[in-house]
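Report on one structure; see the data block that follows.
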Amino acid sequence: MTVVRLAGGALWVHSPCPPTDEVCAALDALGEVRWLVVPNRFHHLQTPATAARYPKAVVVGPASVQARNPQVKPSLATDDPAYRDATPELTPIHVRGVPFLDETVFFHAASGSLIAADLLMSACARDHWTWRWVARVSGRYEKARTPPDVRLLTRASEAASESISQLCELPLERILVAHADPIMDRPAEQLAEAWRFAVPAGR
Ligand SMILES: [Fe+2]
């Protein structure tokens, strides 16, 4: 979960984690939870419970998530002016050409942070041994790559390639994802390298 406090003090919560009393106390100390963001088709599991805990918060996300989880009811999409006008600090960018994920990432210009969920992942020594083992076998141990299922189900395309290029041109200082530590070292280069398979042949 990534949290941004917006200019007016409201909180923008991306990919909510389980809303335990401890988590909610930490959020409440920061401000009022106003936005709950479902970033793609998969990171929706804790949104219904978080929405129940914060009934005034607006759930934002892709329509495609409802087919996977009818309990998640986004009331706005990230291209809705009502959402965009209220969160000018965060630029939403849809990653095209990857319908399996249908992910929208967010660029927070003030901190140079690209906020995403499954755009990249990697394993490290603190992870569970099962994931460390899978990561070593699949080349994702201490190395940023796409999730294995994203790699398997995404074909090279102009749309995907152009989307990743657009992200790499941002003044990135870090990439925050759900399944890796913050990616601070050469973030644009690591992003481009992980998605090189999506560049059509001959380019
Ligand atoms: Fe994920």
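The values are calculated or read from the model by the stated rules, or taken from the named source; none is laboratory data. As the structure is a prediction and not an experimental result, all values here were calculated from the model. Methodologically, a virtual Cβ is constructed for each residue, glycine included, from the backbone with ideal geometry; neighbour enumeration extends over all protein chains shown.
Of the numbered conditions (1) under 26 Å from SER111 (Cβ atoms); (2) in contact with a Ser or Thr (Cβ under 8 Å, 6 or more places away or on another chain), LEU170 satisfies every one except a single condition; which is it? LEU170 satisfies every listed condition except (2). From the residues in segment 117-150 that are out of contact with any His (no Cβ under 9 Å at 6 or more places or on another chain), part of a loop (DSSP other than H, G, I, E, B) and among the aliphatic types (A, V, I, L, M), which one is modelled with the lowest pLDDT? Taking the candidates together, the pick is ALA125. The combined condition, being out of contact with any strand residue (DSSP E or B) (no Cβ under 8 Å at 6 or more places or on another chain), small (Gly, Ala, Ser) and buried (at least 20 other Cβ atoms within 10 Å of the Cβ), is not fulfilled by ALA156. Scanning segment 69-88 for residues that are of a type in the set (Lys, Arg) and either within 29 Å of ALA109 (Cβ to Cβ) or under 17 Å from the mean Cα position of the chain (by Cα) (or both) turns up just one, ARG84. Within segment 115-167, being among the polar types (S, T, N, Q) and away from the ligand (no atom under 16 Å from the Cβ) holds for SER157, SER161, SER163, SER165, GLN166. Restricting attention to segment 34-50, and to residues there that are closer than 26 Å to MET121 by Cβ and not in a loop (DSSP other than H, G, I, E, B), which single residue is nearest to the chain's Cα centre (by Cα)? Taking the candidates together, the pick is VAL37. Just one of the listed residues (ARG41, ARG96, ARG68, ARG53) is within 25 Å of SER157 (Cβ to Cβ), touching a helix residue (DSSP H, G or I) at 6+ places or on another chain (Cβ under 7 Å) and in the same structural domain as SER15 (by TED's automatic domain parsing), namely ARG41. Among the residues making up segment 69-78, a single one is surrounded by 15 or more Cβ atoms within 10 Å (Cβ to Cβ) and out of contact with any strand residue (DSSP E or B) (no Cβ under 9 Å at 6 or more places or on another chain): ASN69. Do we find a residue being at pLDDT below 95, over 25 Å from VAL65 (Cβ atoms) and in a helix (DSSP H, G or I) anywhere in segment 162-176? No, the conditions are met nowhere in segment 162-176. Among the numbered conditions (1) surrounded by 15 or more Cβ atoms within 10 Å (Cβ to Cβ); (2) without any contact (Cβ under 8 Å) to a residue 24 or more places away in the chain, the only one that SER122 does not meet is (2). When ALA156 is tested against the conditions (1) out of contact with any helix residue (DSSP H, G or I) (no Cβ under 6 Å at 6 or more places or on another chain); (2) in contact (Cβ under 8 Å) with a residue 24 or more places away in the chain, the lone failure is (1).
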